[in-house]
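The values are calculated or read from the model by the stated rules, or taken from the named source; none is laboratory data. Keep in mind it's a predicted model, so treat the numbers as computed, not measured. Using ideal geometry, Cβ is built from the backbone for each residue, glycine included, and neighbour counts are taken over all protein chains shown.
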Amino acid sequence: MDSKEKNIRGGLKRGNAAVEEVRVKPEKKTRGKWAEVWRRLKKNKVAVAGLFLLVFLAIVAVFAPLVAPEGIDDQNYGRILEPPSGENLLGTDNLGRDVFSRIIYGSRISLTIGFITTSIGVVIGGILGSIAGYYGGRIDNLIMRFIDIILAIPGLLLAIALVSALGPSLTNLMIAVGIASVPQFARLVRASVLSTKENEFIEAAQCLGASDLHIIVKHIWPNSFAPVLVQATLRMGAAIVVASGLSFLGLGSEPPTPEWGALLSDGRRFLRDAWWMATFPGVAIMITVLAFNLVGDGLRDALDPRLKD
């Protein structure tokens, strides 16, 4: 065997060894969509601060009995309208109850209102928007004209009218605020469905005999999730404000429920002599709504494919 043939065979062996090394080398996992969203969200320090604030509020609400120094309705008539002090961090109200404890318990109610009312809007609005956008024609025209009628009425006035018709209560308040948020989600989902149903994979699913329900649930809704998530996050903050406004007007929760709007309403009567009764519930509403808005804005930027880092 001459030296030239040996060199050729040696080269072939080295080439085969390199191929085998490439084959056994594990493939690097591609970054998932939501991992990429989280990576981009983490770069937004303001949104991360809002997210940690929401997590903190949720933990406080869940463990309210452990966090609050006193019970939800513990009264002490010997300390009525005491200002903030070391014993009572945020002072006491007109019945001697600790304002700090009642705000902590009120976080449970206000966060629950925001979640439930937004869920009502997402579910009902998502269904109406999906049907209108997917089928089009007369069905689309009928549903969207109904949505336009609701949009012609200011959201707060619509909620007041619904609560007045159903009767003042916390449950009716959540139903009213939830219905008032339906048009926003219906129009958003309809727009997403109109753009998604023209894609080739929708036509392929139809050619394979997939039902309309299967196509909407498995193909259209996942592609409409990102804008709905952003809108839902922003809507939670708005829902808390509207619900607090209704409770402030006496159309929401009833005493002694420590909902933040109701606490604000109780404190306005003593604003000159006990400013802390109305100030601190208002600050709690402001901080919570700000946190939702910061997270919503951060999600909108992280989910926007047109923004590149």
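Descriptive notes on the structure:
- Verdict on Ser195 being surrounded by fewer than 17 Cβ atoms within 10 Å (Cβ to Cβ), out of contact with any Cys (no Cβ under 6 Å at 6 or more places or on another chain) and among the polar types (S, T, N, Q): yes
- Matching residues, region 235-255, being crowded, with 20+ Cβ neighbours inside 10 Å, assigned to a helix (DSSP H, G or I), among the small types (Gly, Ala, Ser) and touching a Leu at 6+ places or on another chain (Cβ under 9 Å): Gly237, Ala243, Ser244, Ser247
- Selection over region 171-180 of residues that are surrounded by 19 or more Cβ atoms within 10 Å (Cβ to Cβ) and either touching a Cys at 6+ places or on another chain (Cβ under 8 Å) or hydrophobic (A, V, I, L, M, F, W, C) (or both) gives a count of 6.
- Scope region 106-126; condition among the aliphatic types (A, V, I, L, M) and farther than 20 Å from Ile143 by Cα; matching residues: Ile109, Leu111, Ile113, Ile116
- Of the helices (runs of 4 or more DSSP H) lying entirely inside region 128-197, those containing at least 2 residues that are farther than 22 Å from Ser211 by Cβ and under 19 Å from the mean Cα position of the chain (by Cα) are 170-180, 182-196.
- Residues of region 274-292 that are in contact (Cβ under 8 Å) with a residue 60 or more places away in the chain, of a type in the set (Gly, Ala, Ser) and either part of a helix (DSSP H, G or I) or closer than 17 Å to Gly245 by Cα (or both): Ala284, Ala291.
- Output for region 79-113, where each listed residue is without any contact (Cβ under 8 Å) to a residue 40 or more places away in the chain, part of a loop (DSSP other than H, G, I, E, B) and surrounded by fewer than 21 Cβ atoms within 10 Å (Cβ to Cβ): Ile80, Glu82, Ser85, Gly86, Glu87, Leu89, Leu95, Gly96
- Pairs with Cβ under 9 Å, 6+ apart, first in region 184-209 and within 30 Å of Leu158 (Cβ to Cβ) and without any contact (Cβ under 8 Å) to a residue 24 or more places away in the chain, second part of a loop (DSSP other than H, G, I, E, B) and of a type outside the set (Ser, Thr, Tyr): none
- Residue check for Ala68: small (Gly, Ala, Ser) and at pLDDT 90 or above: yes
- If only residues of region 114-161 that are of a type in the set (S, T, N, Q) and either touching a Leu at 6+ places or on another chain (Cβ under 7 Å) or surrounded by fewer than 19 Cβ atoms within 10 Å (Cβ to Cβ) (or both) are counted, the one that is nearest to Leu57 (Cα to Cα) is Ser119.
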